[in-house]
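To start, the structure itself, in structure tokens.
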Amino acid sequence: MKIAILSMQRVINYGSVLQAYSLKEIIESITGEHVDFIDPILDNTLAVNMPVRDSDDYTKKDQYGMWLTRNFRKALDKLNYKNLTKKIVEFQENELGMSYDYDPHKEKYDLVVEGSDEVFKASDKIYLHMYGAIDNADTLITYAAACGSASIKGLSEQNLVILKEMMKKYKFISVRDPHTYDYVKNLYDGKMDRHLDPVLVGNLYKRKHKPVKLKNYMIVYAYGNRIRDRREIEAIKDYAKKNKLQTIAVGAPQFWCDKFLVVSPLEVLDYFYYADCVVTDTFHGSIFSIINNCKFATILRKSNENKLGGLLRELGLEDRIVDSVDNLSEILEKNIDYAKISTLLEKERVRTREYLTEQIESIK
């Protein structure tokens, strides 16, 4: 049986590649066969006008600190980001088996599993290849797909007609958050269910951690320089100073942090494991914290409050949400009942395998 995963695993982002890695591992453990990756085709689009866009998270100017120091750090971080890109590309090639010499779009697959990640994402356009316009799959399903901040309000009547017809291609749609479920339910009349992100239900939590080169540090995990609000920065730095911790930017640079860490995707999990605490405003920053039993606090943004808030509430971790930066210290010092979360995740791991096994066996 030929199986492929359609997702955004080319993105230079720890979460994107590790969820691809985890889903690949789960499927291959079920089938005993190699799984390919298919990159999205981006030249077949549909114009839309969503009420929330990623750029909404960057409306505030990054004016913290002196201009010269701030811009010197940004220049240095830009060079370090190139090294991070190399680390992730190596992981894509060596661990995911991806290559630019091989074109999976020319292959015919018995099953294509779309997801995880924001495969149904939309801002000013929709990439139709990720809404069912795939012609080299006999059977197409999704696993833990997400739409990000996409909203039915951003679709015209004509858009709705086009998408509903295209999405008939899916045999089954699995999503990872309540907002995506409601969004897709307006576009798809077939079978649907919800499952957790592959990083949560895969085997990465079992990984034996290697020693790291840092001590006494807190991880700050966010998209590039997205933590730019003065009050947020000062609250994080005050907590670090009070507890004699270095602020370590992970995943992308934050110009005000003490250090920007450049390591491979698997090594980054070691740094989470040994961190004193984590402050994040991302989905996978929260997930990496959870699978490594970290104390963490999560800041919600306009672009991710649906998926990220939904995840934390589903796991009973809504008390990790930073409603006010004045409460940051209280959140970080509060213990988490990880035994309870572990029990929940074990049940979800069983559900994930049952779902994927059922879908695979139904087409043999």
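The values are calculated or read from the model by the stated rules, or taken from the named source; none is laboratory data. Note that this is a predicted model, so its numbers are computed, not measured. Here the Cβ positions follow ideal geometry from the backbone for every residue, glycine too, while neighbour counts run over all protein chains shown. Ligands, DNA and RNA are stripped out before the accessible areas are found, and what is left, the full protein with its side chains, is counted by its heavy atoms. Shrake-Rupley method; radii C 1.70, N 1.55, O 1.52, S 1.80 Å.
The table that follows gives values for the structure above.
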read-out	value
Residue list for region 9-33, restricted to those being touching a Phe, Trp or Tyr at 6+ places or on another chain (Cβ under 9 Å), part of a loop (DSSP other than H, G, I, E, B) and open to solvent by 10 Å² or more (accessible area, probe 1.4 Å)	Arg10, Ile12, Asn13
Residues that are among the aliphatic types (A, V, I, L, M), open to solvent by less than 50 Å² (accessible area, probe 1.4 Å) and part of a helix (DSSP H, G or I), drawn from region 336-355	Ile341, Leu345
Criterion violated by Leu96 - all others in (1) under 22 Å from Val262 (Cα atoms); (2) aliphatic (A, V, I, L, M); (3) in a helix (DSSP H, G or I) satisfied	(3)
Residues within region 99-122 that are in contact (Cβ under 8 Å) with a residue 40 or more places away in the chain, open to solvent by 20 Å² or more (accessible area, probe 1.4 Å) and assigned to a helix (DSSP H, G or I), tallied	1
Considering residues of region 246-255 that are more than 19 Å from Asp326 (Cα to Cα) and open to solvent by less than 30 Å² (accessible area, probe 1.4 Å) only, the residue farthest from the chain's Cα centre (by Cα)	Phe255
One residue from Glu333, Glu305 being out of contact with any helix residue (DSSP H, G or I) (no Cβ under 8 Å at 6 or more places or on another chain), open to solvent by 40 Å² or more (accessible area, probe 1.4 Å) and over 23 Å from Ala145 (Cβ atoms)	Glu333
Candidates Ile41, Ile5, Ile26 - the one that is under 21 Å from Tyr143 (Cα atoms) and at pLDDT below 95	Ile41
Among (1) open to solvent by 40 Å² or more (accessible area, probe 1.4 Å); (2) acidic (Asp, Glu); (3) touching a strand residue (DSSP E or B) at 6+ places or on another chain (Cβ under 9 Å), the one test that Asp36 misses	(1)
Options Asp281, Asp276, Asp323: the member that is farther than 30 Å from Asp138 by Cβ, at pLDDT below 95 and either charged (D, E, K, R) or open to solvent by less than 10 Å² (accessible area, probe 1.4 Å) (or both)	Asp323
Flag for Gly190 being in contact with a helix residue (DSSP H, G or I) (Cβ under 9 Å, 6 or more places away or on another chain), free of Cβ contacts under 8 Å to residues at least 24 places away in the same chain and either open to solvent by less than 50 Å² (accessible area, probe 1.4 Å) or at positive phi (or both)	yes
Output for region 47-76, where each listed residue is in a loop (DSSP other than H, G, I, E, B) and free of Cβ contacts under 8 Å to residues at least 24 places away in the same chain	Thr59, Met66
Pairs with Cβ under 8 Å, 6+ apart, first in region 335-361 and under 28 Å from Ile3 (Cβ atoms) and modelled with pLDDT of 95 or more, second open to solvent by 70 Å² or more (accessible area, probe 1.4 Å) and assigned to a helix (DSSP H, G or I)	Leu345/Tyr205
Where a residue in region 296-323 is in contact (Cβ under 8 Å) with a residue 40 or more places away in the chain and its partner, wherever it lies, is part of a loop (DSSP other than H, G, I, E, B) and open to solvent by 50 Å² or more (accessible area, probe 1.4 Å), with Cβ under 8 Å and at least six apart	Ser303/Arg53
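Residue-wise test of (1) in contact with a helix residue (DSSP H, G or I) (Cβ under 9 Å, 6 or more places away or on another chain); (2) open to solvent by 40 Å² or more (accessible area, probe 1.4 Å); (3) in contact (Cβ under 8 Å) with a residue 40 or more places away in the chain; (4) under 30 Å from Asp326 (Cα atoms).
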{"position": "Lys168", "(1), (2), (3), (4)": "no, yes, no, no"}
{"position": "Ser174", "(1), (2), (3), (4)": "yes, no, yes, no"}
{"position": "Lys206", "(1), (2), (3), (4)": "no, yes, no, no"}
{"position": "Pro211", "(1), (2), (3), (4)": "yes, yes, yes, no"}
{"position": "Ala235", "(1), (2), (3), (4)": "yes, no, yes, yes"}
{"position": "Lys241", "(1), (2), (3), (4)": "no, yes, no, yes"}
